[in-house]
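Participant: There's a structure below that I have some questions on.
The values are calculated or read from the model by the stated rules, or taken from the named source; none is laboratory data. Bear in mind the structure is a predicted one, so any value in this text is a computation, not a measurement. Every residue, glycine as well, gets a Cβ built from its backbone with ideal geometry; the counts of neighbours run over all protein chains shown. Heavy atoms of the whole protein, side chains included, go into the accessibility calculation; ligands, DNA and RNA do not. Shrake-Rupley method; radii C 1.70, N 1.55, O 1.52, S 1.80 Å.
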Amino acid sequence: MATIIDGVKLAAEVRERAAQAVKELQAEGVTPCLAVVLVGDDPASASYVRMKERDCAEVGIESRDHRLPAETTQKELDELIDALNSDEAIHGILVQMPLPAHLDAESVIARIAPAKDVDGFHPESLGRLVRGLDGFRACTPAGVMEMLRAYDIDPTGMNAVVIGRSTIVGKPMALLLLEANATVTVCHSRTRDLAAVCRGADLLVAAIGRPKMIDASYVKPGAVVIDVGINRTEEGMVGDVDFAAVEPIASAITPVPGGVGPMTRALLMVNTVAAARRATAG
Ligand code: NDP
């Protein structure tokens, strides 16, 4: 029987702490403000944006909504980013991904002022992570680290295996675990004998996007299993881990839903408050 890592409860605690920090900033005359940019009408993206705006309201962060039509040009989007960059009232900028295919997401991410990069996707933020410098960390891996801390799981000396090498999850996750003194292996679609590599893991992070792919044959008894996957299937939202099969042998596991997802959103609030604090500190 594994400990179920409760992302909903933890995220509420993280938001509560962020709300406290907002009060302190407000006492100094500053209200943290997040600009949220949504291009097009993808229903999943629209629902993510709604949830993020609801979190902002709960925490006391002002959110400014910029909804653009799907046919928005690169130039129009670039101009909006430039305007948000130079608006001193705005501390964080979030451009909801994915963007419509005709827009260049990489150049949009790179255009956001690094000081307002609350998603932690900007090359400067990633570079600072690689160099071990202070800076914005991508919300999903930062949320996972917060979960480990909250449950007293110290990665020091652990064999950590991260499945997935994306820029928003897998790579920063591996770097954060390395920073926390784990011995890290990063796996991907070309990894040979994935199950055998995973069975060597004391800490296994699945960020793949394949429903329930990770069954008990991938998991060492007693391992900590973090499921980042969000997959919409006919049976509803499921993770990359087959929870029913893995939970009996893991020592701790995150559920889907109710695991990493809520923490990702909570860390966006933390990053936005940090952006406001840094801007205020000058
Ligand atoms: P990407 O599609 O960008 O990356 C997926 C990674 O998984 C790639 O590195 C890919 O390898 C690897 N992969 C795919 N198939 C296999 C396989 N059969 N065996 C081994 N590795 C494989 O996805 P993201 O990183 O953006 O997201 C991963 C998952 O996490 C998704 O389900 C997404 O919805 C979810 N997610 C959840 C968040 C949350 O808040 N909980 C936030 C962000 C994402 P290769 O590089 O070789 O193609």
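Participant: For the list (1) in contact (Cβ under 8 Å) with a residue 24 or more places away in the chain; (2) buried (at least 16 other Cβ atoms within 10 Å of the Cβ); (3) more than 21 Å from Asp78 (Cα to Cα); (4) not acidic (Asp, Glu), I need the number of the one condition that Ala174 fails.
Facilitator: The single condition Ala174 does not satisfy is (1).
Participant: For region 18-56, which positions are open to solvent by 50 Å² or more (accessible area, probe 1.4 Å) and either under 18 Å from Cys139 (Cα atoms) or in contact with a Ser or Thr (Cβ under 7 Å, 6 or more places away or on another chain) (or both)?
Facilitator: Those that are open to solvent by 50 Å² or more (accessible area, probe 1.4 Å) and either under 18 Å from Cys139 (Cα atoms) or in contact with a Ser or Thr (Cβ under 7 Å, 6 or more places away or on another chain) (or both): Glu28, Tyr48, Arg50, Arg54.
Participant: Oh, and also: In the list Asp55, Asp78, which residue meets the criterion of being in contact with a helix residue (DSSP H, G or I) (Cβ under 7 Å, 6 or more places away or on another chain) and under 26 Å from Gln20 (Cβ atoms)?
Facilitator: Asp55
Participant: If you go through region 195-207 one residue at a time, how many are open to solvent by less than 50 Å² (accessible area, probe 1.4 Å), touching a helix residue (DSSP H, G or I) at 6+ places or on another chain (Cβ under 7 Å) and either more than 20 Å from Met147 (Cα to Cα) or of a type in the set (Val, Ile, Thr) (or both)?
Facilitator: 3
Participant: Can you tell me which of Gly200, Gly229, Gly209 is near the ligand (Cβ under 10 Å from one of its atoms) and at negative phi?
Facilitator: Gly229
Participant: What are the residues in region 237-272 that are open to solvent by less than 10 Å² (accessible area, probe 1.4 Å) and closer than 30 Å to Gly29 by Cβ, if any?
Facilitator: Ala266, Leu268, Met269, Thr272
Participant: Quick check on this structure: which one of Leu10, Leu38 is outside any helix (DSSP H, G or I), closer than 19 Å to Gly261 by Cβ and modelled with pLDDT of 95 or more?
Facilitator: None of the others qualify; the one that does is Leu38.
Participant: Taking the residues in region 245-282 that are of a type in the set (S, T, N, Q) and in a helix (DSSP H, G or I) as candidates, determine which candidate is farthest from Arg54 (Cα to Cα).
Facilitator: Here the answer is Thr280.
For every residue, the table says whether it meets (1) in a loop (DSSP other than H, G, I, E, B); (2) at pLDDT 95 or above; (3) within 20 Å of the chain's Cα centre (by Cα); (4) crowded, with 21+ Cβ neighbours inside 10 Å.
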| site | (1), (2), (3), (4) |
| --- | --- |
| Ala70 | yes, yes, no, no |
| Ile93 | no, yes, yes, yes |
| Pro100 | yes, yes, no, no |
| Ala115 | no, yes, yes, no |
| Val118 | yes, yes, yes, yes |
| Ser125 | no, yes, yes, yes |
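Participant: Restricting the first residue to region 235-252 and requiring it to be small (Gly, Ala, Ser), which pairs with a second residue that is open to solvent by less than 40 Å² (accessible area, probe 1.4 Å) and in a strand (DSSP E or B) meet a Cβ separation below 8 Å and a spacing of at least six or different chains?
Facilitator: Listed pairs, sorted by first residue: Gly239/Ala206; Gly239/Asp227; Gly239/Asn231; Ala250/Val224; Ala250/Val225; Ser251/Val224; Ala252/Val224; Ala252/Val225.
Participant: Here is a list of conditions, (1) in a loop (DSSP other than H, G, I, E, B); (2) aliphatic (A, V, I, L, M); (3) within 17 Å of Thr264 (Cα to Cα), and Ile226 meets all of them except one; can you say which number that is?
Facilitator: Result: Ile226 passes all but (1).
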